[in-house]
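A quick write-up on the structure given underneath.
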Amino acid sequence: MTVKRSAVILNTDAHRPARDQFVHHLNEVTRREGWRSYEAISHWLDASFRTMRGATLSCRQADLAKNEAEYMRVVKRCRHPSETMQDLSRMLAACVMALEAERVDFIGPIFSELASSAQLGQFFTPYHVSRMIAETIVDDPRKMLEEGGRGFLTLQEPACGVGGMVLAACEVLRDRGLDLAREIHWTMVEIDYTAMCAAFIQTNLCGISADIFHGNSLSLETWLATSTLAAIVYPKRLKYDPKAMLPRQAPEPSGPETGVPRPSKPVQLSLFEKV
């Protein structure tokens, strides 16, 4: 099925050329591979995340090898790997172009329209609402920074989705004079692997210091942890809950594209189930 460019309603007109390029290559991938649009986007996010995460693992050879193996799993799903991986890289280039034009959530509108999970109850806060919330909460960050006495502010997003609200908050913080790499650090958690990939891609490309977890904020389970390049270049001393340890083996990403069924209802509701 061909995706129409007009089907993706953008957060800013500055992203229009990038969206058109992205949709063009997305349609090339779905036509060639016989994938549905959500499958192509899921594979694109997985491959792009693994590519960018590899740059953060140069000193951790064992983790780098595992990361490369996961990337090759995406390649092996392709019937025409050379052409398809080239198109997936061009989709990433379109994302880079969009965020260079304006550092506003680019993946969110695409993900919401073409790849979100109704079973997980995924709904991403509209950009302008996120911006309004950030402007309301972020009063005087420079004063908070000075009073904190450690040189940077810490912020948390326990259900970060694709990172749209974080990008909106960072836009406000940047407008108020804070350096997003040196003076800000985010802890971001997302239960959906594919959305977590998108959150890492966008925050990493925008130069935001963050630790991003594929995990469950309610149970404190953590399956994968990744720092953005800004967090590595400008390290901050943080102490995380020792109970939230990485398990020996992470669960497979869910969804039809992997053969693993998604949960039949929002995972967060499990907090209220009888044991």
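The values are calculated or read from the model by the stated rules, or taken from the named source; none is laboratory data. Since this is a predicted model, take the numbers as computed values, not measurements. Reconstructed Cβ throughout: ideal geometry from the backbone, glycine too, with neighbour counts over all protein chains shown.
Mind listing whichever residues of region 48-67 are surrounded by 14 or more Cβ atoms within 10 Å (Cβ to Cβ) and under 30 Å from ARG36 (Cβ atoms)?
Passing the criteria: SER48, PHE49, ARG50, THR51, MET52, ARG53, GLY54, ASN67.
Consider THR136 against the criteria (1) surrounded by 15 or more Cβ atoms within 10 Å (Cβ to Cβ); (2) more than 27 Å from ARG73 (Cβ to Cβ): it satisfies all of them except one. Which criterion is unmet?
For THR136, the exception is condition (1).
Only residues that are of a type in the set (A, V, I, L, M) and over 22 Å from the mean Cα position of the chain (by Cα): list them for region 61-97, please. Give the steps one after another, and end with the answer.
Residues of region 61-97 of a type in the set (A, V, I, L, M): 62, 64-65, 69, 72, 74-75, 85, 88, 91-94, 96-97.
Hit for region 61-97 is ALA62, nothing else.
Having 2 or more residues that are of a type in the set (Ser, Thr, Tyr) is the bar; report the helices (runs of 4 or more DSSP H) wholly within region 1-83 that clear it. First the steps, then the outcome.
Values: elements: 16-33, 37-54, 61-76.
Helices (runs of 4 or more DSSP H) meeting the threshold: 37-54.
When you look at THR84, is it among the polar types (S, T, N, Q) and either closer than 26 Å to SER217 by Cβ or touching a Leu at 6+ places or on another chain (Cβ under 7 Å) (or both), yes or no? So that I can check it myself, show each step before the final result.
Numbers: among the polar types (S, T, N, Q): yes; either closer than 26 Å to SER217 by Cβ or touching a Leu at 6+ places or on another chain (Cβ under 7 Å) (or both): no.
No: the conditions fail for THR84.
When you scan region 82-126, how many residues do you find that are among the small types (Gly, Ala, Ser) and modelled with pLDDT of 95 or more? It would help to see each step written out before you state the result.
At the first step, the residues of region 82-126 found to be among the small types (Gly, Ala, Ser) are 82, 89, 93-94, 98, 101, 108, 112, 115-118, 121.
Remaining after also requiring modelled with pLDDT of 95 or more: 82, 89, 93-94, 98, 101.
Number of matching residues: 6.
Give all pairs with beta carbons closer than 8 Å in which a residue from region 6-33 that is within 23 Å of HIS128 (Cα to Cα) meets a residue that is of a type in the set (Asp, Glu) and in a helix (DSSP H, G or I); count only pairs at least 6 apart in sequence or on separate chains.
Cβ pairs passing all conditions: ALA7/GLU113; VAL8/GLU113; ILE9/GLU113.
What are the residue pairs meeting all of these: first residue in region 75-102, first residue within 12 Å of ALA47 (Cβ to Cβ), second residue surrounded by 15 or more Cβ atoms within 10 Å (Cβ to Cβ) and modelled with pLDDT under 95, Cβ atoms under 6 Å, and 6 or more apart or on different chains?
The qualifying pairs do not exist here.
Inspect all residues belonging to region 167-188 and state whether any of them is farther than 20 Å from ILE110 by Cβ, in a helix (DSSP H, G or I), in contact with a Pro (Cβ under 7 Å, 6 or more places away or on another chain) and modelled with pLDDT of 60 or more.
Yes, because at least one residue in region 167-188 is farther than 20 Å from ILE110 by Cβ, in a helix (DSSP H, G or I), in contact with a Pro (Cβ under 7 Å, 6 or more places away or on another chain) and modelled with pLDDT of 60 or more.
Go through region 231-241 and count every residue that is over 11 Å from TRP186 (Cα atoms), among the hydrophobic types (A, V, I, L, M, F, W, C) and either crowded, with 20+ Cβ neighbours inside 10 Å or touching a Ser or Thr at 6+ places or on another chain (Cβ under 8 Å) (or both).
Going through region 231-241 one residue at a time, the tally reaches 1.
Could you say whether any residue in region 204-216 is over 11 Å from CYS160 (Cβ atoms) and touching a Gly at 6+ places or on another chain (Cβ under 7 Å)?
No: region 204-216 contains no residue that is over 11 Å from CYS160 (Cβ atoms) and touching a Gly at 6+ places or on another chain (Cβ under 7 Å).
Select from region 133-155 the residues that are within 14 Å of ILE184 (Cα to Cα), part of a loop (DSSP other than H, G, I, E, B) and not β-branched (Val, Ile, Thr) and write down the one among them that is modelled with the highest pLDDT.
Applying the filter and picking the extreme gives PHE152.
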